[in-house]
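Inspection log for the structure reproduced underneath, given as structure tokens.
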Amino acid sequence: MVKERLLIVDDEDNLRSMLRAALSYNGFDVIEAVNGREALTMVAQVTPDLMILDVMMPDLDGFAVCQRLRRQGNDIPILFLTAKGDTTDRVRGLTIGADDYLQKPFSLDELVARCRAVLRRNGSRGGSDLLTCADLHMDDAAHRVTRGGLEVQLSPTEYNLLHYLLTNQGIALSKSQILDAVWHYDFDGEAGVVETYIGYLRRKIDNGEPKLIHTIRGVGYSLRER
């Protein structure tokens, strides 16, 4: 099996070392860059499957690296690491072409899960159009959803929401992240629309056992088997 190659870009030696150990342990081929300019060179040379990119770096920060790659037509998936939690930075990163973001401090388990989710969404090596959790199946090529062998009719928004939950299964997703991904606007007191559509999905796909959509108190929602 071909390992997915991840490029870690961070100017902190200790953090890079820790991330490399955790990601290597979880089966990834990991390479490193100590700054933005080195990262641009390595992307051209080794073609990573995913870049884990720190935002706050001297000289060439993460936003500038992302913008240069996108202007060059390079669509390498990018997961931003940021020490800032304000909406402006998060929305800026997603707007200029990042695929996801993770706020420091974070757990290594969450980093691994997010890397896998981004790779799945971007069709990494060995990717598939079939998304599965327990007896819930989404065939994205056929745009068809079944639960327990029975077809489930979903509206376009419900389908997009379920797709996002499935490609990020096991991850606790905040309402703001869901809004960004499904409705494409930033979080500004609009939690009600997420709660409403989660309710619609639960009535259509989660009225049996096992329950798959879980409320994470104080955070948001997660789709997982248990």
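The values are calculated or read from the model by the stated rules, or taken from the named source; none is laboratory data. Only a predicted model underlies this, so the values are computations on that prediction, with no experimental measurement involved. Every residue, glycine among them, receives a Cβ derived from its backbone with ideal geometry; neighbour counts consider all protein chains shown. Note: accessible area is taken over every heavy atom of the protein model, side chains too, but ligands, DNA and RNA are not part of it. Shrake-Rupley method; radii C 1.70, N 1.55, O 1.52, S 1.80 Å.
See the values below:
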| read-out | value |
| --- | --- |
| The stretch 164-186, residues that are under 20 Å from E209 (Cα atoms) and assigned to a helix (DSSP H, G or I) | L165, L166 |
| Filtered residues of the stretch 140-158 (kept if hydrophobic (A, V, I, L, M, F, W, C) and open to solvent by 100 Å² or more (accessible area, probe 1.4 Å)) | L150 |
| Some residue of the stretch 158-173 being under 15 Å from the mean Cα position of the chain (by Cα), within 21 Å of S24 (Cα to Cα) and of a type in the set (A, V, I, L, M, F, W, C) | yes |
| Scope the stretch 34-49; condition more than 21 Å from A117 (Cβ to Cβ) and touching an Asp or Glu at 6+ places or on another chain (Cβ under 8 Å); matching residues | V34, N35, G36, R37 |
| Some residue of the stretch 176-187 being modelled with pLDDT under 85, of a type in the set (G, A, S), out of contact with any Pro (no Cβ under 8 Å at 6 or more places or on another chain) and crowded, with 18+ Cβ neighbours inside 10 Å | yes |
| Contacts under 6 angstrom Cβ, first residue in the stretch 98-124 being in a helix (DSSP H, G or I), partner open to solvent by 30 Å² or more (accessible area, probe 1.4 Å), 6 or more apart | V112/N26; A113/G170; V118/D99; L119/E4 |
| Every residue from the stretch 192-217 that is at pLDDT below 90 and under 20 Å from the mean Cα position of the chain (by Cα) | none |
| Qualifying position, being under 20 Å from V118 (Cβ atoms), at pLDDT below 90 and open to solvent by less than 40 Å² (accessible area, probe 1.4 Å), among G62, G27 | G27 |
| Pairs, first within 14 Å of G208 (Cα to Cα) in the stretch 137-155, second surrounded by 11 or more Cβ atoms within 10 Å (Cβ to Cβ) and polar (S, T, N, Q), C-beta under 7 Å, six or more apart | V152/T146 |
| A44 vs. criteria open to solvent by less than 50 Å² (accessible area, probe 1.4 Å), small (G, A, S) and in a helix (DSSP H, G or I) | no |
| Residue match in the stretch 8-18 (condition: in contact (Cβ under 8 Å) with a residue 24 or more places away in the chain, within 20 Å of F106 (Cβ to Cβ), not in a helix (DSSP H, G or I) and not charged (D, E, K, R)) | yes |
